[in-house]
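Reading through the structure tokens given below for one structure.
The values are calculated or read from the model by the stated rules, or taken from the named source; none is laboratory data. Note that the structure is predicted; figures quoted are calculated from it, not measured. Cβ placement follows ideal geometry from the backbone for every residue including glycine, while neighbour counts extend to all protein chains displayed.
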Amino acid sequence: MDLTIFIRRVKFINTVPVTCFGAPNRLRIAFGDRMCFIFLRFMPTIIEEKTKELCEAIIAQPEMTAIRKRIDTFLADDGTRGQYEALMSKGQALQEKQQQGRALEPAEISDFETKREALLKNPVATGFLDAQEELHAMQNSIQKRITKTIELGRLPVAADLEEGSCGHGCGCHH
């Protein structure tokens, strides 16, 4: 029997009538007095739909357009990108050396500082770095709200979102 016909027909399983109403994106099966819903993977859930709406709202923000423009400008500028990558590599090498307990030479530190200052004088690089910070702040804000909602089982209020606040009933006395 065709699945769409099966879903829309009234069936009796263990003498319990089973009727599926609405779209054929779910199949209801009765086991005694329990009902189980099987959602087919190609149909989005309400959370997936709302997440998509959130993503659409994020990219529609004028701030996001400005952020994307600064990132794209940086990515298209091979010279600035190379300057940034060289500085990051140098910084990582110095950090690894320090973590190994080896002393950093004053010339190495001076070279790194000179390259860092040159990068920070480049408006394309600073635009990219600022855009990264703005994206990070936006991601943290969204993640914090979602995490608090899940933790609390309700929408968080301003006090719930304050730094150090674990929410009502935590007991850590922040």
- Taking the stretch 140-156 and keeping only residues that are part of a helix (DSSP H, G or I), closer than 16 Å to Lys50 by Cβ and aliphatic (A, V, I, L, M), one is left with Ile142, Ile146, Ile150
- Note on the structure: Only one of (1) in a strand (DSSP E or B); (2) modelled with pLDDT of 95 or more does not apply to Gly79, and that is (1)
- Quick one: is Gly82 more than 30 Å from Leu161 (Cβ to Cβ), surrounded by 13 or more Cβ atoms within 10 Å (Cβ to Cβ), within 31 Å of the chain's Cα centre (by Cα) and not assigned by TED's automatic domain parsing to the domain that holds Leu161? no
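Check the stretch 152-171 and report whether any residue there is over 30 Å from Ile47 (Cα atoms) and modelled with pLDDT under 95.
Yes; the residues of the stretch 152-171 include at least one that is over 30 Å from Ile47 (Cα atoms) and modelled with pLDDT under 95.
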- Item | Residue that is nearest to Ile146 (Cα to Cα) [pool: residues in the stretch 39-65 that are among the hydroxyl-bearing types (Ser, Thr, Tyr) and modelled with pLDDT of 85 or more] | Thr51
- Query: For the subset of the stretch 76-93 comprising residues that are touching a residue at least 12 places away in the same chain (Cβ under 8 Å) and of a type in the set (A, V, I, L, M), which member is nearest to Lys115 (Cα to Cα)?
  - Reply: Leu87
- Message: Condition check: surrounded by 10 or more Cβ atoms within 10 Å (Cβ to Cβ), modelled with pLDDT under 95 and not in a loop (DSSP other than H, G, I, E, B). Does Gln98 satisfy that?
- Response: yes
- Query: Does at least one position in the stretch 55-70 carry a residue that is more than 30 Å from Leu161 (Cβ to Cβ) and either outside any helix (DSSP H, G or I) or not basic (Lys, Arg) (or both)?
  - Reply: no
